[in-house]
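What follows is a set of notes on a single structure, which appears directly below.
The values are calculated or read from the model by the stated rules, or taken from the named source; none is laboratory data. From a predicted model like this one, the values you see are computed outputs, not experimental measurements. Reconstructed Cβ throughout: ideal geometry from the backbone, glycine too, with neighbour counts over all protein chains shown. Areas reflect the complete protein model, heavy atoms only, side chains present, ligands, DNA and RNA absent. Shrake-Rupley method; radii C 1.70, N 1.55, O 1.52, S 1.80 Å.
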Amino acid sequence: MLHDRIVTHDDFDGIASAALVGYYMEIENFAFAGPNDIIHNRISTSAFDIVCDLPYPLQCGIWFDHHVANFDDLELRGFDQGEIPGLRKIAPSCARVIVDHFSEEFEIDGEVEVIAAAADKIDSFAYESIEDWRADTPASRIDCAIKEREGSFSERREFLRWLCLSLMDQTLEDVAAGDEVTVRADSFRAGEESMLGLIEKEMGLLGGSGEIILLDFSEHTRKARVMKNLAQLLAPEAMAVLEVSPLFQRKLRTNDLSFSMSLTLAGQRHYAKFDIGEIMRTLDIGSGHPGAASGVVRSGSRAEMEQNRAATLERIGELWEGQKNNRE
Ligand SMILES: [Mn+2]
């Protein structure tokens with residue numbers, strides 16, 4: 001057989017993508033990676049590999065993806081997309097791109113559609129409400145189990161491999177009901193609960209409008225492991241969440257700060273044309289998507305950091321108000 005391995009993103013969309021490609025092409029060999037593993041060549045690939053939901057590596061046989069930034073990057077590197085087998089297109093998930101690809105050749109059954117629809121929703125954060133986002137569904141349980149990082153690297157890899165194989169011949173619902181998923185998902189949800197406690201302690205609002213939740217961890221001497229998205233559970237009316245955190249080097253805090261910001265579900269509904277990536281680019285500190293972006297502000301001393309933090313927060317508030325006035 002020409003292709004013998006699927007290299008995929010280690011998130012829900014990546015796992016769904018691998019299960020679908022594995023199912024249609026009868027491949028049971030999987031490797032998992034993050035985008036940075038590909039960019040920094042930490043995983044070697046060959047012409048026998050099928051790569052899903054990740055940037056194009058140095059070498060691969062078939063490539064499926066839905067990230068526009070990866071398509072642009074490929075052109076910059078001088079590749080001709082037309083010559084690469086597979087399918088790339090703008091879609092809510094890579095799983096959707098894969099279903100489109102194989103629908104040319106196969107009849108798509110209901111179970112496959114269930115998996116692709118779940119990947120669409122999870123990967124593009126397309127929830128209708130906070131209740132919809134937090135609902136305990138088979139797909140969300142599997143998503144939580146994938147995001148759980150407790151345990152060793154190889155344990156998680158074995159779990160992801162088991163998940164791909166299981167999704168190839170069982171329904172999403174049956175896979176989600178298994179002990180393997182339940183144990184990891186419960187542990188992830190418990191972690192979220194303790195994160196919520198930390199968020200509640202540090203939560204404030206930026207500027208006068210009260211639309212932006214500010215999570216300021218810049219005084220923390222240890223890295224806060226928090227998913228800032230959770231803050232909207234405590235302030236469901238807020239439009240965006242902004243997290244400020246120090247950068248760490250070998251566990252030591254530096255004077256550099258990261259600013260990462262995303263629209264909440266309420267923000268996505270109200271400000272569909274907002275562009276947070278543009279805010280980061282205007283400040284010249286980073287980049288990102290319209291719905292989520294981040295940047296880094298470097299400082300030479302503690303005092304300079306304090307100044308930069310205040311100035312950057314003020315500018316973000318101003319740019320936010322400016323976009324609001326222009327786009328409403
Ligand atoms: Mn994806």
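Details
- Estimated FRET transfer efficiency (Thr137, Arg250; beta-carbon r; R0 56 Å; 0.05): 0.90
- Relative contact order (%) - criterion: Cα under 8 Å, at least six apart; region: the chain: 10
- With all protein chains in place and ligands, DNA and RNA left out, the 1.4 Å accessible area ranks Trp162, Trp63 as Trp162, Trp63, largest first.
- Cα centroid separation - the range 228-245 against the range 137-156, whole Å: 23
- Along the chain, longest interval not containing exposed trypsin sites (Lys or Arg not before Pro), exposed being DSSP loop plus at most 11 other Cβ atoms within 10 Å: 78-221
- Amide H contacts of Glu211 (H built 1.01 Å from N, under 5 Å, at least 5 apart or other chain): none
- A simple rule links phi to the HN-Hα coupling: the Karplus curve 6.51 cos²θ - 1.76 cosθ + 1.60 with θ = phi - 60°, which for the range 96-109 gives 5, 4, 5, 4, 4, 4, 7, 5, 5, 10, 10, 7, 8, 8 Hz, with x for Gly and Pro.
- For the range 101-195, the square roots a ≥ b ≥ c of the C-alpha gyration tensor eigenvalues yield an a/c of 1.5 or more together with a/b not exceeding b/c, which makes the shape oblate.
- Using C-alpha pairs below 8 Å separated by at least 6 residues, the relative contact order for the range 208-327 is 20 percent.
- Grouping the Cα pair distances of the chain into 10 Å bins from zero gives a pair-distance distribution of 5, 23, 31, 27, 12, 2, 0 percent in increasing distance order.
- Measure of compaction for the range 5-186 (Cα Rg per 2.2 N^0.38 Å): 0.99
- Per residue, the range 206-268 exposes 44 Å² of solvent-accessible protein surface, assessed with a 1.4 angstrom probe and all protein chains in place.
- Mean-square fluctuations from a GNM of the chain, with a 10 angstrom spring cutoff on Cα atoms, peak among Ile84, Ile213, Ile199 at Ile84.
- One decimal place: the segment Asp4-Ile84 gains 27.1 nm when fully extended, by the rule 0.36 nm per residue minus the C-alpha distance.
- By the helix-only formula, in which each DSSP H run with n ≥ 4 contributes -39500 (n - 2.57) and the sum is divided by residues, the chain has a 222 nm mean residue ellipticity of -14500 deg cm²/dmol.
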